[in-house]
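Single-structure report; data block below.
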Amino acid sequence: MTTATLTKPRIYVGLGTCGIASGGRAVLAKLRDELASQQIEADVIETACVGLCHAEVLVDVHMPDHSRVIYQKVKPDDVPQILTEHVKKGAPVAKKALAQWRMDKPVYDGIPAFEQLDLNQKQIRFILQNCGVIDPDSLDEYIARGGYASLRKVLAEEKWTPEQVVEFITKSKLRGRGGGGFDTGWKWQECAKYKADEKFILCNADEGDPGAFMDRALLEGDPHSVIEGMIIGGYAIGATFAYIYCRAEYPLAVKRLNHSLAELRKRGYLGKNILGSGYSLDIMVKEGAGAFVCGESTALQYSIEGKRGMPRPRPPQSVEAGLWDKPTVLNNVETFANVTRIIQIGLEKYTGYGTEKSGGTKIFALSGAIKNAGLIEVPIGMTIREVIYDVGGGIPKKKKFKAVAIGGPSGGLLPEAKLDLPIDFETLTEAGAMMGSGSLVVCDETTCMVELSRFFMEFCADESCGKCTPCLVGNTALLEMLARITRGEGKLEDLVLMEELGKQIMSMSLCGLGKSSPSPMLSAMRYFREEFESHIVDKICPTAQCVGLRRYEVLPQVCTKCGACIKPCPTGAMMGARKEIPFINKDLCIECGLCYDKCQFNAIR
């Protein structure tokens, strides 16, 4: 339904995974009950994540006069007032209002436009433009906002040849958003040149990085943008069938994908003779069992074939012999959504975003020690500092920035000195990290780089498929050494061995899991070596995060004598009179960390 035909209020409730986790189901139930109780006629829409995960549950009230106000952190008890004052009387509840969507101009004074929010000043909602704004299950709403215009342009209106599609995507400089940054146009061109009775195009939605939720949010909020890009890509390479390989842990994404595919088949956008063009393609959702290694292209293909998800040596490359030994193209969720948008807006506008070598925007899942946790979309080339402070709002609780983990367990840990690096494929690689799929976890001064390295290595060791020895044995050996260091049992010689072993694993492993698994550890040793040495030589964890090395003390020069640390102590180990600097009775201290957590002035270490 478009705004021109809106005859009664439409109330959108944020019910992506983040909204559900924040209590969205209870808000939805209260909303429906209250609408019936107050006898208000309104359409209630279950939408998805608009990116403001820190502000969920979000409720978006869209009135027939085209005004549209978003309410943040809504609880069930807030619903009656919103309906009574806003929907009935036309007066928004200002204390709960976050922003208003700008139509021609803002309708209500005192409520900022969504685009004017500080965190949106440097963002570009290019791929995320529909997420949290439309009903993701409604094909009509997607079409009303320009959906499937790109597909109609290619297949029915301008009738591009497959070669023209490939050339267009090549000129756009679109690089794969799944981690490796491979040139999308080149990949399509290589696959298109092979002749075969069957060809496949695959969408990798097996998002497994800790801290990554970009693909999930896009599939939950705008599945059609991904499907449209897949159909266009299938036409470009001559694909006869397509699969979306999605994690089974994403039940809402899987549900919305299957619903969308069924609707498209009914309307002639999928199946035989799409839009009367003569091109036929169908798409199937294949649910993965959650193995991180199945994000690797050949392991993913084996999984679709019903085999154990393990990578195979290359060559041959997938574009020549992939799924069932047929020519195959694999791109990730965000890449296909880019294809849809690029054709929609044209090359000139799209190449105005990004850098000379990498066009467009990048979606990041911003989490960790950050005020505005959620989903963001920024031009490629923006600096890390701008992302963290201008978009993310900086570090909460007056803590200091320490590092940022970019690219998850395959990426790297970059320190404060690297804050002004532009976020692009080449620059991050030179710094010892990688863009990866887009997870961006911010660490404050309380984060131990040794423990974080151990956490990432434990993840990679657990997820190793076991096919190649460097990854299987090497990662386990690195994990054991890191664990010893966190317990105060490490040796300085371990650091030399860890560097050598890490480089060998990266050079000798079969697939991308092993080739990148030591990266967080190596970058942490590169930029925070003194922290590793402190664990080994002084037997001290500077952040007190390593349980085996915890030794709490009060810093007199920082302590404000507020006494907030004394009462919570469960054993009475924290002692001191009012307006005096407290001290810790070591005989009573059980190193639980409550005093450390309660201190707001970093006076306990």
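Couple of notes before you dig in:
- Residue in region 165-180 that is among the polar types (S, T, N, Q), free of Cβ contacts under 8 Å to residues at least 24 places away in the same chain and more than 29 Å from Val79 (Cα to Cα) present: yes
- Selection within region 264-305 - out of contact with any Leu (no Cβ under 8 Å at 6 or more places or on another chain) and in a loop (DSSP other than H, G, I, E, B): Lys272, Asn273, Gly278, Ser280, Ala289, Gly290, Ala291
- Search result, residues across region 56-67 that are farther than 15 Å from Asp135 by Cα and either in contact with a strand residue (DSSP E or B) (Cβ under 6 Å, 6 or more places away or on another chain) or of a type in the set (Lys, Arg) (or both): Glu56, Val57
- Scope region 36-62; condition assigned to a loop (DSSP other than H, G, I, E, B), of a type in the set (Val, Ile, Thr) and either outside the structural domain of Ala94 (by TED's automatic domain parsing) or under 28 Å from the mean Cα position of the chain (by Cα) (or both); matching residues: Val50, Val57
- Summed over region 63-96, residues that are at positive phi and at pLDDT 95 or above total 1.
- Failed item, numbered, when Leu275 is tested on (1) closer than 24 Å to Phe168 by Cβ; (2) in contact with a strand residue (DSSP E or B) (Cβ under 7 Å, 6 or more places away or on another chain): (2)
- Considering region 3-35, and only residues there that are assigned to a loop (DSSP other than H, G, I, E, B) and of a type in the set (A, V, I, L, M), the residue that is farthest from Pro80 (Cα to Cα) turns out to be Leu6.
- Output for region 480-506, where each listed residue is among the basic types (Lys, Arg), in a helix (DSSP H, G or I) and surrounded by fewer than 14 Cβ atoms within 10 Å (Cβ to Cβ): Lys503
- Some residue of region 244-255 being surrounded by fewer than 24 Cβ atoms within 10 Å (Cβ to Cβ), modelled with pLDDT of 95 or more, among the β-branched types (Val, Ile, Thr) and in a helix (DSSP H, G or I): yes
- Scan of region 63-97 for residues that are small (Gly, Ala, Ser) and either in contact with a helix residue (DSSP H, G or I) (Cβ under 8 Å, 6 or more places away or on another chain) or outside the structural domain of Ala26 (by TED's automatic domain parsing) (or both), ordered by number: Ala91
- Residue within region 102-112 that is assigned to a loop (DSSP other than H, G, I, E, B) and in contact with a Pro (Cβ under 7 Å, 6 or more places away or on another chain) present: yes
- Matching entry among Glu141, Glu115 (being within 21 Å of Asn372 (Cβ to Cβ) and part of a helix (DSSP H, G or I)): Glu115
- Every listed requirement among (1) in contact with a Cys (Cβ under 9 Å, 6 or more places away or on another chain); (2) modelled with pLDDT of 95 or more is met by Cys49 save one, (2).
- Applying the condition of being of a type outside the set (A, V, I, L, M, F, W, C) and either surrounded by 11 or more Cβ atoms within 10 Å (Cβ to Cβ) or at positive phi (or both) to region 568-581 and asking which residue is nearest to the chain's Cα centre (by Cα) yields Pro568.
- Among residues of region 544-561 being under 15 Å from Arg487 (Cβ atoms) and part of a loop (DSSP other than H, G, I, E, B), the one that is nearest to the chain's Cα centre (by Cα) is Gln545.
The values are calculated or read from the model by the stated rules, or taken from the named source; none is laboratory data. The structure displayed is predicted, hence computed values, not measured ones. As a convention, Cβ positions derive from the backbone with ideal geometry for all residues, glycine included, and neighbour counts pool all protein chains shown.
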